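The values are calculated or read from the model by the stated rules, or taken from the named source; none is laboratory data. These numbers were taken from a predicted model, which means no experiment stands behind them. Ideal geometry is used to build each Cβ from the backbone, glycine not excepted, and the neighbour counts take in all protein chains shown. Ligands, DNA and RNA are excluded from the accessible area calculation, which covers all protein heavy atoms including side chains. Shrake-Rupley method; radii C 1.70, N 1.55, O 1.52, S 1.80 Å.
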Amino acid sequence: MDELLRALAGLSLVDRHLDDVLTEITAVARDGLPGAEATSITLIRRGRAFTAAFAGELALSADELQYERGFGPCMDAGRAGLTLVVDDMRTEERWPDYARRVTDLGVLSSLSVPLPFQGETVGALNNYATRPEAFGEEARVLGEQVAAAVAVAVANADAVARAGDAAENMQAAMRSRAVIEQAKGILMERHRLTADAAFTVLTRASQRSNTKLRDVAEELARTGVLPGL
């Protein structure tokens with residue numbers, strides 16, 4: 001357990017795509033949980049569940065069967081905040097339709113553990129096996145400890161990704177503003193216009209050509225030609 005937690009805590013988050021980080025987290029969790037042959041992370045946002053990462057195609061296929069129906073152990077674990085174990089899909093009665101379909105894929109047992117973070121459940125850590133009763137008491141206890149660490153790692157990775165997106169969006173906005181100011185300057189000098197009048201010319205050209213204002217400005221700055229006029 002200590003080794004698994006150290007591996008999760010040691011994951012590098014900076015300058016990496018969120019998908020890559022979550023995929024590594026999932027692989028670490030699968031390798032550290034007794035009985036797990038395939039593992040996935042289900043996240044629930046605005047009521048919609050989706051697989052954010054998986055280690056083993058079997059986990060993705062099993063997840064998607066549940067999403068199609070809107071219920072199943074991984075979705076119910078994430079929604080209710082409960083650890084749900086299926087010892088044998090062949091005799092499972094809580095989700096009979098899902099159990100029948102996932103058995104056809106070769107899944108015979110599963111362990112779904114909620115991901116708790118700051119008093120809320122953000123999703124579930126899903127583990128699947130091709131043999132029955134793969135997840136005993138030790139796996140359940142360890143799964144809950146791992147899920148708590150995974151939830152923090154997921155939240156941290158998501159925060160880093162959001163911060164990167166925000167910085168990138170800010171830089172893009174600054175670049176757009178700079179080129180628009182450059183285009184305004186060209187029009188002001190060429191036609192003896194005020195700053196407001198030059199901006200009006202740009203917006204009209206944008207509307208008439210059905211082109212983004214930034215693209216109109218870039219075209220003018222690059223070629224001297226104003227699209228749409």
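All conditions in (1) in contact with an Asp or Glu (Cβ under 9 Å, 6 or more places away or on another chain); (2) free of Cβ contacts under 8 Å to residues at least 60 places away in the same chain; (3) not in a loop (DSSP other than H, G, I, E, B) hold for residue 124, with the sole exception of (2).
Here region 197-206 is the region considered, the condition is being surrounded by fewer than 16 Cβ atoms within 10 Å (Cβ to Cβ) and in contact with a helix residue (DSSP H, G or I) (Cβ under 9 Å, 6 or more places away or on another chain), and the residue that is modelled with the lowest pLDDT is 203. Would you check if residue 102 is of a type in the set (A, V, I, L, M), in a loop (DSSP other than H, G, I, E, B) and touching a Phe, Trp or Tyr at 6+ places or on another chain (Cβ under 9 Å)? So residue 102 does not fit the description; no.
Suppose we keep only residues that are more than 17 Å from residue 58 (Cβ to Cβ) and open to solvent by 50 Å² or more (accessible area, probe 1.4 Å) within region 80-98. Which one would you say is farthest from the chain's Cα centre (by Cα)? That would be 91. Within region 16-55, track down each residue that is open to solvent by less than 30 Å² (accessible area, probe 1.4 Å), farther than 12 Å from residue 125 by Cα and assigned to a loop (DSSP other than H, G, I, E, B). Within region 16-55, just 35 meets the criteria.
Please indicate, with yes or no, whether at least one residue in region 99-119 is within 22 Å of the chain's Cα centre (by Cα), open to solvent by 30 Å² or more (accessible area, probe 1.4 Å) and on the phi < 0 side of the Ramachandran plot. Within region 99-119, one or more residues are within 22 Å of the chain's Cα centre (by Cα), open to solvent by 30 Å² or more (accessible area, probe 1.4 Å) and on the phi < 0 side of the Ramachandran plot.
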